[in-house]
1. Quick one: work out the % antiparallel among DSSP beta bridges in the range 476-562, nearest 5.
2. So if each residue of separation counts as 0.36 nm, and I subtract the Cα-Cα distance between GLU211 and TYR129, what length gain in nm does that give?
3. State which entries of LYS72/LYS569; LYS72/LYS98; LYS258/LYS603; LYS534/LYS603; LYS210/LYS258; LYS58/LYS603 exceed 27 angstrom in Cα-Cα distance in the structure shown.
4. Which of rounded, prolate or oblate describes the range 77-197 when judged by the alpha-carbon gyration tensor and an a/c cut-off of 1.5?
5. So if each residue of separation counts as 0.36 nm, and I subtract the Cα-Cα distance between PHE442 and THR393, what length gain in nm does that give?
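What follows is calculated from the coordinates using simple rules that are stated; it is not laboratory data. Keep in mind it's a predicted model, so treat the numbers as computed, not measured.
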Amino acid sequence: MTATGGSGRKPRRFGTHLVLVMLLITLPVIGLISAMDYRQVEEALIAEENLLREQTEKSVIQSIHLVNAGLKLFDSTLDRRMQEGFGPVLAEYERSSKDPGAMDLSRVKEELGGEMDIYIINESGVIEYTTYPPDLGLDFREIPYFYDRITEIRLGDAFVADRVLTEPASGRLRKYAYMPSPDHRSLFELGLICSAAETDRFDPKYQTLKEDLMRLNPSLEGIRIFDCYGRLINATYSESPTDPATVNSVAREVFEVKQDRTIADPAAGRFTRYILVDLSASDYPSDTSRVVELTYSTALLDARLAEMRFSHVLLAVFAGLAACCIAVPVSWQITRPIREIVDDANRIARGDLDHRIRVSTGTEFTRLEESIGTMIDSLKGNIRRLRASEEATREYSTRLQDLVWERTADLEESNRTATLFLDIMVHDINNANTIAIGYTRFLVDSLEGERQEMAEKMLSQLEQSSEVIGCVATLREARENGAALTQVDLDRVIRTQVANHPAIRVRYEGRGVAVLADDLLSEVFANLVGNAVKFGGPAVEVTIRVEEHGEEALVSVEDTGPGIPDAMKASLFRRFRRGEGPLAGAGLGLYICRMLIERYGGKIWADDRVEGRPECGTAIRFTLRKAV
């Protein structure tokens, strides 16, 4: 099969050309299949790692929220003790002729048993006098959100309890509370030093959470938790002692900008995630939010990817060697036209691994068919093994999901326990308020002059407290009541509420209309009529109108009270949006009305009783869907 050309150059054998062609076709196919399969495995491993990291971060956030919910219940047990501690402070303030500099704070601290430090904050937000020297001169204007909150407390009249917090100077746990001076020139602050038993009770232990998450995610190297100032909290005994005044600048920045951050260190093979867990609450001056630092190692993923790369390269090398070993001996005796061989190899290169090389005649082509078929079967077997590895990976992901479901069930159980505690608190506080209101009314009737005025103020605060408890109970019932809306007789509901207010003049203009609602519809009329009486006084006149407009009923509750300024109407139905003046409530009544009306499929808004004249009274209007 060789000849000498006219140029004198010896041509290559046909078998050599055939070997070269087979290798040029087969080896790229092997490399392409290996590369594509490795790419799929790499994407699956990376996706699995990202899913595991996301589940880890969700578990951290949920666990910290759960711990915070429990701490709220626990540290509120110290509120009454703190409130009683302000009695000697106010008495000393009066004794010193309302001069903070003349107050004997050391004597007052001894009177309080020496367990509470006293702080006097001036109008500029600076601690001007204190029994705790390290905090003397501390300027809260450097913390704008906290300065605004304590300024609001100083200008108010109420006792405000704070959370149990870590003291900046020593790292000890303290329970703080605030009370404005009668002349609103100063703000009194008490700091109760928690005992060893109380510290163990209020200081959450995150070591168990750390151990569980590191078992769940092998790539997790460490967990640290910082407060809103960037200070490390809850350092375990296995860690090095930490100075409480040391601040992590990255954690502080994450808290200030309210945005998570990732810092990668490719040289060390790790990256660090900073996650903000928002625990801020408008009820407390301090922000107990946490910043969680999660340090991940990429070594495990890199090792698995390197192992996969090595196995794929090794597989491709063996497949290539097999192809060479098959092509060389077979190529010497091939007589079939090379086009058929090229066509068949092209089909295999396009991914049709089930295709067989066509055989013309002769045992040589039979052997070629068998050799290439063996190579393809080997590749398919390796692909099946790789897919089995992918299935094992999916099973691991399923087990991970089961663990997440178990954690979710635990969280739901904890939520039900917290709800039980809330029910008990609402019930007991309501009973205590009822008894206190009865005794206070007796004092109002028995006392005279200034003492009677003080008793009336006390009665007003107790009634407001009882109103808040009622609103909380209504909110909870409205949120948990998932029953479907039913047909309700609007006329019967209105007449019942009119009968509940015999002392005022209520005019009802309407007729029987069936609407879609539930048993809480009466709360809407009770809040609206109650607000009219509260702000309009006993001489107020209330008019309730019902008009039908197609598939809706328009209800108007109008009064002849002082009215609502236009600037307040847009935000009137927001949660905790209080009115102005001494009769303003907790800001929940109208929010409950809006929530219920929107749940019924309607809308609610505030209007003037006389168009363009807000001072002539208020009209609260809302729509309800008519029952078909």
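1. Just about 70 percent of them are antiparallel.
2. The span from GLU211 to TYR129 would gain 25.1 nm if fully extended.
3. LYS72/LYS569; LYS72/LYS98; LYS258/LYS603; LYS58/LYS603
4. Rounded is the answer for the range 77-197, as its axis ratio a/c remains below 1.5.
5. So the chain would gain 10.3 nm between PHE442 and THR393.
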